[in-house]
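Notes for the one structure printed next.
The values are calculated or read from the model by the stated rules, or taken from the named source; none is laboratory data. Remember, predicted model here, so these are calculated numbers, not experimental data. Glycine also receives a Cβ, built like all others from the backbone with ideal geometry; neighbour counts cover every protein chain displayed.
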Amino acid sequence: VIAGPEPFEPIAAPPMPTPRAPIRVLPASVSARIAAGETIERPASAVKELAENAIDAGARSIRIDIRGGGLGSIRVGDDGCGIRAADLWLACQRHATSKLPPDGLDAVRTLGFRGEALPSIAAVSDLEIISCADESGLGWRLAMRGGDVLHDEPAPRPRGTTVTVRRIFERMPARLAAMQPRAELTQIGQTVRRLAAAAPQVQFTLWIDDRLALQTSGGGDPGQVLTEIYGADTASALLPLGPVEIAGARLSGVIAGPEFTRAGRGAVHLCVNGRATGSRALMAAMEAAWRPLLPRGRHPVLAVHLDVPAGRVDVNVHPAKEEVRLRDEREIAAALARMIRDALGRQPIPLAAPPLTGLAALLADASLAEKHAHDDFGPDAPIVTAGLPPLRLIGQVDHKLLLLEGDGALFLVDQHRAHERILFERMRAAQTSGPRQLADPLLFEVRSQRAARFAARLDDLAAIGFTVETFGGRTFLLRAAPDLPGVLGAGDAALDGLGERHGLIETLLDLADDPAGEGEEWQDRLLVSLACRGAVRRGRELPMPAMRALVEALGATGSPAVCPHGSPLLMRIGTDVLSRQFGW
Ligand code: ADP
Ligand code: MG
C-alpha cells in the first residue's frame, strides 16, 4: 500500500536569465510600480537575497557560510555568470538591475527584478563582492562601507561571484541588540531549506561556523531534495503528486505519507516558477485537502512546483515577494487539493500510541482479505473487505462501539466516526460520479434572514453533489444528493434510517451562513460537517445487520482507521497486549 520511492520528474534548470545583460538603473516609470521597500530585516533576509541573486545568475552550485548566526559574517559564493568589473559599483546602486526584460515587469522570470537587494545590504553592513564574468580567472573586488568604497581592485577568481557581508547592523545598535545569534540561525536554516526545495537543480551547501549543516545534490529531483533536507526516513514515505496540467499551469511535486508528518508547516514548500512562496489561497486549499487525511494537527513534508507562463503570475504584490497572485487561482487551488487527496487518500493512517500501532502493517496485508474472499456468507461469517482484515462481528459495547475479532486480535470501532468516514467518502466520490436523484425530494424552509445567503451557496453545493432548487420565497427543494448510506436511503436497507437526516439540512443551512472560506475550502468543511452531523450517534443501539453493513462500508473506504476530522476510529488490541496485561 505504501509506495516505494518512484522516479520523480526532474525540475529542469531555468533558462539562463539574460546572463550578461547590462546592469542599468530602472526608469522611474518602472521603479514607481515596484512594491515598495525590500528591506533587510535580519541576517536571513540577506542570505535569501544573495542566494536568489546566485540562482538568477544561473549558478549550479551555491555555497553559504555563516558565522555567529550571520551577525559575524555571511558569505555566499556561486558559479553563476558573474558581474563585470565595470558593473560592480553600479550593481550596488538603488534600482540598478540587469533583470528587467525588454517587455517589462510582467515578463519577469527571475527571482529578483527590483535592483534593491545589494544597496539595501550595503546600507546596513560592510559589503564585499568578488566576481569574474568570464573564464580568464581575472576577477575584481569591490569593498564598501556605508556609501564609501574601501577597495576597488583586481582579485583572482574563477567565473562566479562571492559576496561577503560583515558587521551587519553594527551601525544600528538598537536593532543589533535585539538579535540573538541562535534565533537568527534558525531563520537562516529555514530560509536555506526553502530556497533549496524550490531549486532542486541547484546544489546548496550550508556551512555554519565551519560545520557542514546542509547539502543538496542539485540533481533536479524534488523528492531527493526533501530527503536531503529532512533526512533519509522521508524517502520511503514519499508519494508523487501529479504532474497535472491545468489552466496553462503545470503542477507536480511530492508529499510524504501520513507516517512521516510534522508539527508545523515549515516543511510545506510551495514553489511558483522556482520561487518559494506562501500564497494564502493555495496554502489554504492544500491544508484543507490534507487535514482530514493526516493525524490531527500534523502537517506534511511536501514540495509542490507550479510552472505558469510569466504573464499569468504577478510576483510584484508583496514587498518581500512572499506572496504571488495567480490568474485562475481558484482552478489551480482546486487542482492542488485534488492532487494531495489522490495521493494521501489511499494511505492507511497509522494510529499513534499502543495498542494502536501495527495497524498500518496489518491493513497493508491485502492478501488476508483475498484468502477469505470465498468464505461462506452467514450472519456469523467474517466480514471481508479490501481495507480491513476479515473480522467477525461480536456485538455492540455500551451503544457506542462495535466489537469485532479477527487476525488474533480484538477490534473496537467507534460507530459514529466509522459512519462519518463512510459518508465523507461517499460525498467526495459524488463530486466525480455526480449526484443521485432522490426518490422523494426534501422540501425545507429557511428563515428569511438566511434565505439570500443560502441561495448564494447553491453553486458550491452543486459542486459537491447537492442539487438544491429554489422553490419560491424561503422554500428550497433538495432534489439530488450524493449516495449517503443510512441517511438518504442509498439502497442499503440495513443502514436505512440509521443516520441523521435532519442533521443534513441543518448543516447545509448553518454552513451556508458561514461567511468564511470560499470554493474548495468551504466545500471541504461542509463535507466534514455533513458527515459528522449526518452520522449515527454514539448511544444508539444498533441491530446486527446495521453493524455488519457499517463495517463492510468502512472496509471499502480509503482510510478506514481515522474519521474525517483526523481522530482514530479503529482500535486493535492484539494478543501481545492481552498477554502483557493479564500477565500470561
Ligand atoms: P536584482 O536582483 O533585483 O536585480 P540586486 O540588488 O539583488 O537586484 O542585484 C543587482 C544586480 O547585480 C543584478 O541585477 C545582477 O545583474 C547583479 N548581481 C547581483 N548578484 C549577482 C550574482 N551573484 N551573480 C551575477 N550577478 C549578480
Ligand atoms: Mg536580487
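Here are the numbers for this structure:
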| quantity | calculated |
| --- | --- |
| Residue in region 38-52 that is near ligand 1 (Cβ under 9 Å from one of its atoms), crowded, with 22+ Cβ neighbours inside 10 Å and farther than 30 Å from Ala174 by Cβ present | no |
| Qualifying positions in region 427-452 - part of a helix (DSSP H, G or I) and within 31 Å of the chain's Cα centre (by Cα) | Met427, Arg428, Ala429, Ala430, Gln431, Thr432, Ser433 |
| Among (1) assigned to a loop (DSSP other than H, G, I, E, B); (2) crowded, with 23+ Cβ neighbours inside 10 Å, the one test that Glu259 misses | (2) |
| Region 93-109: number of residues that are more than 7 Å from ligand 1 (Cβ to nearest atom) and touching a helix residue (DSSP H, G or I) at 6+ places or on another chain (Cβ under 8 Å) | 11 |
| In region 137-163, the residues that are in contact with a Gly (Cβ under 9 Å, 6 or more places away or on another chain), of a type outside the set (A, V, I, L, M, F, W, C) and surrounded by 14 or more Cβ atoms within 10 Å (Cβ to Cβ) | Gly139, Arg157, Arg159, Gly160, Thr161, Thr162 |
| Checklist (1) surrounded by fewer than 22 Cβ atoms within 10 Å (Cβ to Cβ); (2) without any contact (Cβ under 8 Å) to a residue 40 or more places away in the chain applied to Glu228, failing item | (1) |
| Region 208-225: number of residues that are without any contact (Cβ under 8 Å) to a residue 24 or more places away in the chain and part of a strand (DSSP E or B) | 3 |
| Scan of region 264-305 for residues that are part of a helix (DSSP H, G or I) and touching a residue at least 40 places away in the same chain (Cβ under 8 Å), ordered by number | Arg280, Ala281, Leu282, Ala284, Ala285, Met286, Ala288, Ala289, Trp290, Arg291, Pro292, Leu293 |
| When residues of region 93-131 are limited to those that are over 20 Å from Arg325 (Cβ atoms), part of a loop (DSSP other than H, G, I, E, B) and more than 11 Å from ligand 2 (Cβ to nearest atom), the one modelled with the lowest pLDDT | Pro102 |
| Total residues in region 461-500, condition surrounded by fewer than 18 Cβ atoms within 10 Å (Cβ to Cβ), of a type in the set (D, E, K, R) and modelled with pLDDT of 75 or more | 3 |
| Residue check for Leu138: out of contact with any Lys or Arg (no Cβ under 7 Å at 6 or more places or on another chain) and within 12 Å of ligand 1 (Cβ to nearest atom) | no |
| Residues that are crowded, with 20+ Cβ neighbours inside 10 Å, touching a residue at least 60 places away in the same chain (Cβ under 8 Å) and among the small types (Gly, Ala, Ser), drawn from region 405-425 | Ala409, Ala418 |
| Residue that is surrounded by the fewest Cβ atoms within 10 Å (Cβ to Cβ), among those in region 91-106 that are within 10 Å of Ile23 (Cα to Cα) and under 32 Å from the mean Cα position of the chain (by Cα) | Lys99 |
| Residue in region 171-179 that is touching a helix residue (DSSP H, G or I) at 6+ places or on another chain (Cβ under 7 Å), within 23 Å of Asp78 (Cα to Cα) and in contact (Cβ under 8 Å) with a residue 24 or more places away in the chain present | no |
| Residues of region 67-92 classified as away from ligand 1 (no atom under 13 Å from the Cβ) and part of a loop (DSSP other than H, G, I, E, B), total | 2 |
| Test: residue in region 435-455 that is in contact with a Gly (Cβ under 6 Å, 6 or more places away or on another chain) and not small (Gly, Ala, Ser) | yes |
